[in-house]
Structure formats: structure tokens, C-alpha cells
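S.K.: To start, I am sharing the structure in question, which I have written as C-alpha cells.
Throughout, read-outs are computed from the coordinates displayed, never taken from laboratory work. These numbers were taken from a predicted model, which means no experiment stands behind them. Here the Cβ is made from the backbone with ideal geometry for all residues, glycine too, and neighbour counts use every protein chain on show.
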Amino acid sequence: MHIKGVLNRRDFIRYALTGTSVLLAATYAACTAEGNRLAHIKGGIVGPDSGTGHLLRNPDAIPAPTSKVTTDVLIIGGGISGLSAKRWLQKSGQTNVLLVEMADHFGGNAHSGRNAVSAYPWGAHYIPIPDIRNKELLDFLAEENVVTGYDQLGLPIYNDYYMCHDPEERLFINGMWQEGIIPNSGVPEQDKQQIKAFLALVAAFKAAKGKDGKDAFCIPLDNTTEDDEYRKLDKMTFSTYLAEKGFTSPYLLWYLEYCCKDDYGCNLESTSAWAGIHYFACRKGKGANAEASTVLTWPEGNGFLSGRLRAQVGDNMRSSQLVFKLTQTATGAEASVYDVGKKTSYTVAAKKVIVCSPQFVNKHLLRNIITPERLASLERFSYAPWVIANITINSLPVKRGMPLCWDNVIYGKPSVGYINANHQDVNNSLKKVLTFYLPLSSEAPTLARTKARDTSYAQWLEQIVEELEYAHNGITECIEQADLWIWAHGMIAPTPGMIWGADRRAAVEPIDNTIFFAHSDLSGVSIFEEAFYQGIRAAREVMGG
Amino acid sequence: MEQTDRKSNGGRKESRMHILLLLSVFVIATCGLIYELIAGTLASYLLGDSIMQFSTIIGVYLFSMGVGSWLSKYIDGDLMRWFIRIEVLVGVVGGCSAPVLFVAFEHVASFRLLLYGFVSITGVLVGLEIPVLMRILKNNYAFKDLVSDVFTFDYVGGLLASLIFPLLLVPYLGLIRTSLFFGFLNMVVAVILLYRFKETAAYRKGYTAMISVCLLLFTACFLYSNKIMNYSESMTFQDNVIYSKSTPYQRMVITKNNRELRLFLNGNLQFSSADEYRYHEALVHPAMQALPKATRVLVLGGGDGLAVRELLKYPQLKTVTLVDLDPGMTQLFKTNPMLTELNKGSLLNPKVTVINTDAYQWIRNDSTKFNLIIADFPDPSNYSIGKLYTATFYNELRRLLDDNGILVVQSTSPYIGRRSFWCVDHTITAAGFFTIPYHAYVPSFGEWGYILATKNYSWKNEGALPAGLRYVNSGTIKDMLYFPPDMAEVPTDINKLNNQVLVHYFENDWGPYAH
């Protein structure tokens, strides 16, 4: 017997479709499902230890001081501004200085780490060559052999090993890596015109001077003109300014937002127009063997600079020490310090104090010292949160275009790309460490901070690997280790009014010629040069006062 | 009532069985075409000439299917058992085809024999499948329905295979994993048939065990497919490949014909045994004849030991230090009899110290003074090698060079890489050396360039040369110094760590010659 019509037309189509879908589904499953594809990646969230800082929220719970030390000058905070202040005091002959730092390391966000493959940054990772008028900074660089001498014209000669090696930058856009970060490959002509027009505009700002003859933009920014023609730009957002100027190209706007994220951890809507332009117009460095765009960088990033500063300032440095109370006395000031390791507290009596901690810490510390108005103004300092990942890879899948550079950016993605930490190492290493920078700039900082606190290592890793895979198909298997650092308050956000408004002016003011202030957030811009400058400024005030 | 029910149940069951068999036709057809496509792609990839490869592979495959169909008439007895047996075999042979062919490529005398062997066996087995299946089904179908259904599924499966192969499989799975995956599918069909048909009960266990072992092996290969791929990644060479090995740093391939031995690193020719003496005599002797008192020599790169062979012709030398990144390379040239014959066992000489580390790293940490430094690096085709041609690097070399010492740098072709060559010259000058550029003709390379550099312009072409040189004598040295107009000096920038202009020059100079 035979069964007639085992397959009529409808059945045939049904079964053909079923067969096809089963095969396609199986193929798809084989193509995508690789089990837990991140399971082989070692690592975790390695810092910072936010517990110590959070003790400040309830200082009464901290053990009361049981001993006392005295010093001429107490520096609170061992970031770049604190180290710079101590170095300057030392140069000026004041050596009875004690520096206390809350974290277990000095250098603040110029922090770095090291594994078997490379040293790598945990934060800031380069400086552009400085303006030749910035003599203090150049002297420091010369002391550390970053500047090896000066030519007949007086231009600094930079150490070849410390200038960023070629190839410097690439951008993954339209399916390939192009040279440079300004979008070019596959970008329409009218967009290129807008990019050109914008660059011409900022070139003019770079050369511009105010009515008082001072530069419209420079580093340190306290040296810029008071001319309102430029300072008024601080009152509007960068995005408003760009819209007014008719800049609409999505490629240009992506690039400018990338720049705001990169330097400030902000987006176009939260950055002031003055700060947005400053990024492009402030770099005026000259060198015998370098250009204004030349940057100085090291495998450990600015950990190199903080390490050298630390080495210069020598003794009387205490880390893991939390200052939880500051009071004025007849002879100066007194600080209550909690020793995190010993779990005991002591008092430091000082003739003068330089507070080199950020204002979000100072608002706790100064509660009983400053006026309510001044305290309220500290609340208005806003800080951008960041996630930094150091990713050890054993090889890198190659895509079309430029090979691996120092700075590698992926167009249209949340991060600002990654740095090859091995780049400045002349050694030909197969394994590399990539330092991945993710500013949490898509939401308001407080919201982003809350969310970041509740995000697990696995969730961050998922997000980071997905972005890397986009530009390096297959990189997941090459990742051996990925460590994360979550900077809840990564850098000061130059929101409109921050740089040239009243809050910043007020926060710099010393109290009774006893308590002085230095931190890059007092410049409104979180860069090494500003922190270095702030430290020297405060040290001069201490010595001159 | 009961009766009818059972009957209709039986009918449904039976029809389901047939649908199952037809679906297996579909899978079989897809798998069959995939194996054919894999063989064609793999052959084009490994042997080149894709039209030829695809054409012959399709031909052989179809022919073998014909052979299989013809053979099917000799198959009798338990057809279902035969069918399952064939499924398993197709799965094994087809599934293994890509990994085996990739791995075997460099190790078998005739790769084509193996390739066409695989294609034929797969073809025969696939050719057997459909006739056997039709015979299993023939009692339950009208002939016209049977032929129509079987071939429809066969061809639809073919279309599906031809679409997913280039669009999904090759880009996402790669050849090895695709091959294993479809072998896997064949096995799955066998397993389903085994457990769906009562008549298979007798041999079910044995087959299941066998299939499980195969599936385990396949899974292992699937997971390690990247390792297999790396191990076997190959390129086409003109001559017979007699040795090939991938080290973490490079892929070394040695080819041989009846006239010469050739070494390729990452596909770039390093030397031919027929004329390497010209290259290495020119690299060593113009400098060494001017250094009668030299005792200490540093060779950077040059892991083949051929430059060292020339150096050891000077008995006054006490030590030769050779720094080469790749231990795989120096080990090969210490142990392989064909190669030690070529370099006269130079790397085993007691005067010679071989150090395997990054040259830049090593010189930065060393402070020995050398009478002669030879930089015999690969051409500056990428940024990592470009660093070894920078002014900063030459500054470090100047620190290690005796005041009356000489530095010699292999500097690519002054004819093809004219700007690259003069860029090396200008860069060495910028590092405070006096330079004497020269060049030699090496047939397998073409016109080749070197820079000789000193701290005090002390070089003279008056010294004694060892006996037995085949290319260099004082007349040759004099000739080598003359640059005809088409290789004459051109202005260039200085190669530095922060501009790497040499890599750009090199790319532009050699771009038109790259295929």
C-alpha cells in the first residue's frame, strides 16, 4: 500500500519552511551561542575604595583623636595639586610640611597600575607640550628629563621616548579604521566643509587676544583675558553656541561631543561654550622637535608625572589618612585625622593648611568654618563619573585600515575609545594592555553615579566587550584580564557659569590667611597643568602671606 | 471504533516517519552541497586559481555522486541500517574534511591527492544516500510522488546551502567550524533515525556509542578550531614547502627546488641560498676589512646566522653577540642540517652568543662597547619594525659603538625604495654619524642598499679581505659606492619615533610592487 498525498502543496511548503527554519536556527545558534563567552576573562572592580570617603557623611562615628602632631603647614590631599604645593613649599624653603591623603596612593586621578604585560593608567594619561610661558611646568619637566635641553631659540627639546610615538590616532568609522580622529572616511563633502569651518574658527580663537592684551584662551586659564567678549561664552552651553553658529553636521557634532567627553566627561549640552572652545584653543606649546599638537605620554599615563612629583617631595607623606574635621585655632588650624589602617584618630595642629581635596569633599570638611552661602556654592560644583578598564589582550583581530595606534576611537559609541598602554614601550610585546575610557556622560552626573554604584562587574564587562567587538570582531577570545576602576567623581564638569562664575572665585578665597585652597576643580577644568598650577598658586599664597 | 483509531494512528505515525525521512533528505542535500563548497573554497584558498579549483572540485564531486548512485544497486539487506551507516560516514568524512585538509596541507607529499580523495569519498557517500533512501520509501509512495518529493527537497536544500554558505557560514563560523557543524548535523539525522524507527533496535546501542565518540571529537575540534586554523594558515609558494612553522612572532616557511633553498618570513623572501652570499658578503666585508683590530661585534636581527658566518672569517674577532627577537628562528638555524650547512654552523660557534629578546630593549639596557654593529632587521614595513630605524634608536647605537667603530644598516632597495633608502641615510646622519651609502646587486632581491656609518669618517677601502669570497673584493667595494642617477640621493625627512616617516615612505615606494 502507499499513502496518497503524504505531501500536498500546503504540507510541502510547511515542511520546506520548517526544515529551512530549523537549519537556519541551528546555524544561527552555532554562530552566536558560545555559552558564557566572557567566562575566561579574569578581573574585577579594583578601585577605588569608596568606603573611606563615605565616612565623612557621618564624622561623629569616627573615633575621637587620641594624640597630636604639629607642623608648620598641613596639606590635605595628595593629588597633583597637593604634591605640586608641597614641592613648591620645599623649593621656597618651607620643609616642615605634612601631607595627608585619604586614598592608599598619591597622585589622585593621575593614578596607575602595572601587570606582567605593561604599566597602565587608571586615569589621566597625557599632557600636551606646555606653553613656553609656563615656566614652572617646563622647569619641572626639565628636572625629570622630559625636556632634555633648549635650542638656540630657547625652545625646549623634548625626550623622544616621551613624545607620543607614531601612529598616534585612528577612528573606526564606516566599517574601517581611518587615520586621525576627525571624521573623514566616507564623510559627505558638506560635512567636511563644516568641520573645516569649525577648525578655522577655533584657530582664530587660539590666536585671539582680549582688550587687555592677554590671550583669549591659554593654560593655566587664570592667565586669560578678562575681556567679556570671550568670558561671556561661559554663560551658554556649547550646543547652543554651535547651533547659533550654524554648525549642524552630525559628524562635526559627534567629534565635538567626543572632545567634551574626553576632556571633561560632559556632553555638548552640559559643557559651557567657553570650555568647549578652550579645548581647541588653549594648546599653544612649542618645541625644538615638537609641534603644538604634540603630546607627552607614558605607559603608566600621568602616573609617570605623579610618580616623579611624589619622588621629589620626599618625607612627611601619609596615605590612608582621612581628615574628618577642620577647625580654626588661635595659632592656625587643627585637623582631626583618622588613620584608616590603625583605626585610630589624631590631631594635626598647623600654622597654615592647604586644602587640596575636591570641593565635594570640602563641603563636609568646611561645614563649621565657612558661611552658609559659601557652603551652598560648593554644592554647585558638579563632577563627571567615569569608568576605566584596563584590558590585557594576547592579540588583536585586525580590521581594514590603520593599524593599532596610541589612541583608538570608535565612532558613535558611548566610550571615548582606548589607549594602547604599550604604545610608548619600544619593546615589541605580543600581549598588550588597552586602557578603555568610558565617561558616564549620557545622564546627569548624580543619576549616572547612582546607576554606576548598582552596576556589577559582569554588566560593565558586557558593555565594554560589546563595544570592542564592534570594531574588533573576535576580540573577546583574546582578552585575558579586564580590571575596572569606577571614578564616581572623575573630573570637575565645566558646566555653564562654572569657570567664570562666582562659585569658583569664592572657593579659591583663603580663610583668614590660615586655610588655603588648591585643586584642579578650582580651575573648572580637570587637567594636570591646572592642578600643578593651583598647587603652586596656593603655596605662593602661603609663603607670601 | 478501536480498530479505526489504531489504523488512523498508524497512518499518521507512518506519514510522520516519511516526513522525517524527507526532512533528512533536506539536511543531507544541504550538507552535501556544503561539503562541496568547503572543498572548493579551501582549494582556492590553499592552491590559488579559484576557477580551476571550483570547476574541478564540482566535476569530481558530481562524478563521484554518480559512482555512488551506481554502487547503490549492489547494496541489499537492511536498507535502514545502510542508510544510517552512510549518514554516519558522510558526517565523519565531510565533517573532518576542512580541519584535516588544513592541517595536512604542509605535511603531505601530494595535497591534491588528499583533497580529491576527500571530495571523491564524500561524493560517493552522498551519491549513495538518495537512491538508498528512495528504496526505503518506495513501498509507501507512488513513484511520481516519491521522485517529486525527494528531488524537491534535495534541490531546495541545495539552494539553502548555497545561500547560507557565503552569507553566514564563512563569515561567522569559518571553514573549519562549518565543516564540523554540518558533520554534526549528519550525525544528528542518524541519531534521530536510530531512535525513531523500531527496526534499528538491534544495533542502536553500538551506533549510539560510535556517534557519541564522533560528536565528542567534533565538539573538541569545534572549540579549538582557531588553534587548528592558526596552525595551518598557509600561503602559496612557488616551490615545494619543505618546512613551515609559526612562532609567536612570525611564520617561517622554507621552500626548495633543485637549484636553491628559500626562506620566507610572513611571506616575504629573506634569502635564496643561490645568491645570499652576495647580500651577506656586502653586508659584512666593506666594514670588517676596515677594522683589522675589531674584537667585539654586535649583530641585531640576522637570526639566520649568515652574517655571522661571514664575520667568523676574521680570526681576530673574540665575541659576536647576536640579538634576534625570535627563538624559533635562531633555534631552527642552529639545528636544521640543511640550514647549518648553509650558515656553516655559525650560531653554534663558541665565539657567538645568541640572545633572544627585543633588540631595542636590549640595546637600551646594555653598555658594552662594540667595534662593529650590524643592524640586519626586516624592511620597515610596519610601525614595530620602523622603531628600529629611528634617529633615537641610532643614538642608542652610537652610545654602544667604539669611537673608531662602524655601524652597518641594511636599508632596503635604493632602486625600488629610493626614498626609504635615503631616509635611513639621513636619519643615521641626524643621529651624529658620518655615512657611506652603498649598494649591491642580489638577483633574487634586485638592487639592495646598505648604510655604513662611523663617528669620525675613518673608513677606508684598503684593508685585507679573507680568502674565498665570491662577490666582494676591493674592486667590488669601489663599485658599490657609486649611485647611478636613478638611485641618487633624494631629500627626505628624518625618521623619528613620533613621526615614523620611513614606514610611510616604504609603503609608498613598495606599494606599486605589492600584489
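S.K.: Where does chain A land at 222 nm, in deg cm²/dmol rounded to the nearest 500, when only DSSP H runs of n ≥ 4 count, each adding -39500 (n - 2.57), divided by all residues? Write out the running numbers ahead of the final one.
M.R.: On the way: 16 runs with 178 residues, N = 545.
Here the helix-only value at 222 nm equals -10000 deg cm²/dmol.
S.K.: Considering only DSSP beta bridges where both residues belong to the stretch B:275-513, give the percentage that are antiparallel (nearest 5).
M.R.: Numbers: 14 of 33 bridges.
Percentage antiparallel, nearest 5: 40.
S.K.: Taking the alpha-carbon distance from residue B:455 and a cut-off under 28 Å, which lysines remain once sequence neighbours fewer than 8 residues away in the same chain are dropped?
M.R.: Within the straight-line cut-off, residue B:455 pairs with B:293, B:313, B:318, B:351, B:369, B:387, B:478, B:496.
S.K.: Right, next: Over the stretch B:2-232, one equal point on each Cα, no solvent: what is log10 I(q)/I(0) by the Debye formula at q = 0.09, 0.11, 0.12, 0.18 Å⁻¹?
M.R.: With one equal scatterer per Cα and no solvent, log10 I(q)/I(0) is -0.39, -0.57, -0.67, -1.38.
S.K.: Let me ask another. Taking a spot 7 Å from the Cα of residue B:274 along the direction of its beta carbon, which residues of the stretch B:469-505 have an amide N less than 20 Å from it?
M.R.: Within reach of a label on residue B:274: B:470-472.
S.K.: Another question about this same structure. If R0 is 22 Å, what FRET efficiency do you get for residue A:14 and residue B:44 from their C-beta distance, rounded to 0.05?
M.R.: Details: r = 38 Å, r/R0 = 1.72.
That gives a FRET efficiency of 0.05.
S.K.: Between 0 and 90 degrees, rounded to the nearest ten: what's the tilt of helix A:189-207 against the longest Cα principal axis of chain A?
M.R.: 10
S.K.: Only Cα pairs under 8 Å and at least 6 apart count here; give the relative contact order of the stretch B:275-513 as a rounded whole percent. Could the numbers behind the result be given before it?
M.R.: Working: 475 pairs, mean separation 55.4, N = 239.
Normalised by residue count, the contact order of the stretch B:275-513 is 23 percent.
S.K.: Can you work out the FRET efficiency for the pair residue A:211 and residue B:245, with r the C-beta to C-beta distance and R0 = 56 Å, to the nearest 0.05? Don't skip to the end; give the middle numbers.
M.R.: Values: r = 72 Å, r/R0 = 1.29.
Computed FRET efficiency for residue A:211 and residue B:245: 0.20.
S.K.: With the alpha-carbon atoms as the only input, what is the per residue convex hull volume for the stretch A:307-377 in Å³? Numbers along the way, then the final one.
M.R.: Details: hull volume 8.4 nm³, N = 71.
So the per-residue Cα hull volume is 119 Å³.
S.K.: Work out which helices of chain B, taken as complete DSSP H runs, extend at least 24 Å along their axis over the Cα atoms and score a mean Kyte-Doolittle of -1.0 or more, then list them. Can you show the working numbers first?
M.R.: Values: long enough: B:2-47 (66 Å, 0.40); B:50-71 (31 Å, 1.28); B:79-104 (35 Å, 1.62); B:111-137 (40 Å, 1.71); B:143-164 (31 Å, 1.08); B:174-196 (33 Å, 1.59); B:204-223 (28 Å, 1.39).
Qualifying helices, which must be both long enough and hydrophobic enough, are B:2-47, B:50-71, B:79-104, B:111-137, B:143-164, B:174-196, B:204-223.
S.K.: Shifting gears a bit: Suppose the chain between residue A:229 and residue A:380 were pulled fully straight at 0.36 nm per residue; how much longer would it get relative to their current alpha carbon spacing? Can you show the working numbers first?
M.R.: Numbers: separation 151, 0.36 × 151 = 54.36 nm, distance 2.48 nm.
Extra length available between residue A:229 and residue A:380 comes to 51.9 nm.
S.K.: Relative to the longest principal axis of the C-alpha atoms of chain A, give the angle of the C-alpha long axis of helix A:457-471, reported between 0 and 90° and rounded to the nearest 10°.
M.R.: In chain A, helix A:457-471 runs at an angle near 60 degrees to the longest axis.
S.K.: Further question: From the C-alpha coordinates alone, can you work out the Kirkwood hydrodynamic radius of the stretch B:305-380, in Å? It would help to have the intermediate numbers written out before the result.
M.R.: Values: mean 1/r = 0.0759 Å⁻¹.
For the stretch B:305-380, the Kirkwood estimate is 13.2 Å.
S.K.: So, in nm, how far is label residue A:429 from label residue A:153 when the simple model puts each one 7 Å beyond its Cα toward the Cβ?
M.R.: That separation, rounded to one decimal, is 3.6 nm.
S.K.: Kirkwood hydrodynamic radius, computed over distinct alpha-carbon pairs, for the stretch B:275-513: how many Å, to one decimal?
M.R.: Working: mean 1/r = 0.0563 Å⁻¹.
Evaluated over the stretch B:275-513, this radius sits at 17.8 Å.
S.K.: Can I ask one more? Please give the helix A:528-544 orientation as an angle from the longest Cα principal axis of chain A, in degrees from 0 to 90, rounded to the nearest 10.
M.R.: Rounded to the nearest ten degrees, it is 10.
S.K.: If I model a spin label as a point 7 Å beyond the Cα along the Cα-Cβ vector, how far apart are those points for residue B:139 and residue B:479 in nm?
M.R.: 8.9
S.K.: What does the charge count around residue A:349 come to, taking other residues whose C-beta lies under 14 Å from its C-beta (Lys +1, Arg +1, Asp -1, Glu -1)? Write down the numbers at each step before the final one.
M.R.: Working: positive: A:68, A:325, A:351, A:352; negative: A:72, A:334.
With Lys, Arg at +1 and Asp, Glu at -1, the net is +2.
S.K.: To continue, here is another question. If you take every DSSP beta bridge whose two residues both sit in the protein assembly as shown, what share of them, in percent to the nearest 5, is antiparallel?
M.R.: Working: 85 of 131 bridges.
For the protein assembly as shown, the DSSP antiparallel bridge percentage is about 65.
S.K.: Å³ per residue of the Cα convex hull, for chain B? Spell out each step's value before the answer.
M.R.: Numbers: hull volume 96.2 nm³, N = 515.
Taking the convex hull of the Cα positions in chain B, it is 187 Å³ per residue.
S.K.: What is the local net charge at residue A:112, summed over the other residues whose Cβ is closer than 14 Å to its Cβ (Lys, Arg +1; Asp, Glu -1)? Please report the intermediate quantities before stating the final value.
M.R.: Working: positive: A:114, A:308, A:310; negative: A:104, A:300, A:425, A:483.
Around residue A:112, the surrounding residues sum to -1.
S.K.: Oh, and also: Just grab the label-to-label distance for residue A:502 and residue A:459, each label 7 Å out from Cα along the Cβ direction, in nm (one decimal).
M.R.: According to this spin-label approximation, the distance is 4.0 nm.
S.K.: Kirkwood hydrodynamic radius, the protein assembly as shown, all distinct C-alpha pairs: what's the number in Å? Before the final figure, lay out each step's value.
M.R.: On the way: mean 1/r = 0.0292 Å⁻¹.
Kirkwood radius, the protein assembly as shown: 34.3 Å.
S.K.: Starting from the Cα-Cα distance between residue A:342 and residue A:312, subtract it from 0.36 nm times their residue separation and give me the gain in nm to one decimal. All intermediate terms of the calculation are to be shown ahead of the outcome.
M.R.: Details: separation 30, 0.36 × 30 = 10.80 nm, distance 2.71 nm.
Gain in length upon complete extension: 8.1 nm.
S.K.: Using a Förster distance of 41 Å, how high is the FRET efficiency between residue B:488 and residue B:365, based on the Cβ-Cβ distance and rounded to 0.05? Let's see the in-between values first.
M.R.: Values: r = 39 Å, r/R0 = 0.95.
The calculated FRET efficiency here is 0.55.
S.K.: Taking the Cβ of residue A:94 as the centre, find all other residues whose Cβ is under 14 Å away and add up their charges (Lys, Arg: +1; Asp, Glu: -1). Intermediate results must be reported in sequence, preceding the final value.
M.R.: Numbers: positive: A:86, A:87, A:91, A:351, A:352, A:540; negative: A:72, A:315, A:541.
Net local charge, residue A:94 excluded: +3.
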